[in-house]
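The values are calculated or read from the model by the stated rules, or taken from the named source; none is laboratory data. Everything numeric here is computed off the predicted structure, so don't read it as measured data. As a convention, Cβ positions derive from the backbone with ideal geometry for all residues, glycine included, and neighbour counts pool all protein chains shown. For accessibility, only protein heavy atoms count, side chains too; no ligands or nucleic acids. Shrake-Rupley method; radii C 1.70, N 1.55, O 1.52, S 1.80 Å.
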Amino acid sequence: DDFYRSIPTENTPYRITLVPSELRSKLDKKRGWKSPVVYTPESNVIYFSSYGNKDVAGLDIFESKILPDGSFSEPQRLPKTVNSLSDEINPVYHNESASIIFASDKASSIGGFDLFSSKVMSRKGEYKSAERLPRVWNTSSNEYFLFPDSKVFIDGDLSGGWLVSDRSGSFSSTVLCKAHATSNYETPDEVIIESLL
């Protein structure tokens, strides 16, 4: 439980690992839930999903600071501007847009899990209300994870990244896809999906 292997992602600054055992709640352990953690090596905050200690609203997004001695601060549930009564999973902090991108199956989803983003207003726990990413990123299928490229368009829209979705899988199987917007900076209205089976 004290050993963690992290995996780099191609053409992005992120590394992936599982949430450290000391950050998992009793409910997480009871239900066998281990959240993935996507982080950048220079960051001192990690985001993950957890049932928390009371399971008040399914899976929610939490944050924990990495302290100078390598230990973790007490996990804090993000506010209601991010979390809802539905499940929120797979958070990724995108430095260029200063936003957390995550998946949720809340009522405003197009279908199943959709991708949302919430801008970090301050490191004191203030976040803008989560907004669903544009229609090019969300479909009637499930979108579970997005590892965005560092590059963004002039208006702040994402230029592409690695997408985990069942939109192009056979029999709704989940696949990893490389996605990138192909239009100009003013109107990024098309995304090309390349399935990697």
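For the stretch 109-135, a residue qualifies if it is open to solvent by 20 Å² or more (accessible area, probe 1.4 Å) and among the acidic types (Asp, Glu), and the qualifying residues are GLU126, GLU131. For the stretch 75-96, the tally of residues that are closer than 13 Å to LYS128 by Cα, open to solvent by 20 Å² or more (accessible area, probe 1.4 Å) and not β-branched (Val, Ile, Thr) stands at 2. Does the stretch 48-59 hold any residues that are under 22 Å from LEU146 (Cβ atoms) and either hydrophobic (A, V, I, L, M, F, W, C) or at pLDDT 95 or above (or both), and which are they? Within the stretch 48-59, PHE48, SER49, SER50, LEU59 qualify. Counting only strands (runs of 3 or more DSSP E) that sit completely within the stretch 80-197, those holding 1 or more residues that are of a type in the set (A, V, I, L, M, F, W, C) and modelled with pLDDT of 80 or more correspond to 88-94, 99-104, 114-122, 143-148, 160-165.
Hey, any hits in the stretch 15-22 for a residue that's loosely packed, with under 14 Cβ neighbours inside 10 Å, at pLDDT 80 or above and outside any loop (DSSP other than H, G, I, E, B)? Within the stretch 15-22, one or more residues are loosely packed, with under 14 Cβ neighbours inside 10 Å, at pLDDT 80 or above and outside any loop (DSSP other than H, G, I, E, B). Scanning the stretch 26-46 for residues that are closer than 16 Å to PRO75 by Cα, β-branched (Val, Ile, Thr) and outside any strand (DSSP E or B) yields nothing. Exactly one residue among PHE113, PHE102 is without any contact (Cβ under 8 Å) to a residue 40 or more places away in the chain and closer than 18 Å to TRP137 by Cβ, and that residue is PHE113. Take the residues of the stretch 65-106 that are over 20 Å from PHE147 (Cβ atoms) and polar (S, T, N, Q): which is nearest to the chain's Cα centre (by Cα)? So, considering only residues that are over 20 Å from PHE147 (Cβ atoms) and polar (S, T, N, Q), the one nearest to the chain's Cα centre (by Cα) is ASN83.
There is at least one residue in the stretch 81-96 that is more than 20 Å from PRO36 (Cα to Cα) and in contact with a Phe, Trp or Tyr (Cβ under 7 Å, 6 or more places away or on another chain).
I want to confirm something. Restricting to the stretch 28-72 and keeping residues that are among the acidic types (Asp, Glu) and open to solvent by less than 40 Å² (accessible area, probe 1.4 Å), which single residue is nearest to LYS119 (Cα to Cα)? Selected residue: GLU63.
Evaluating PHE72 against the criteria (1) out of contact with any helix residue (DSSP H, G or I) (no Cβ under 7 Å at 6 or more places or on another chain); (2) in contact (Cβ under 8 Å) with a residue 24 or more places away in the chain leaves one unmet condition, (1).
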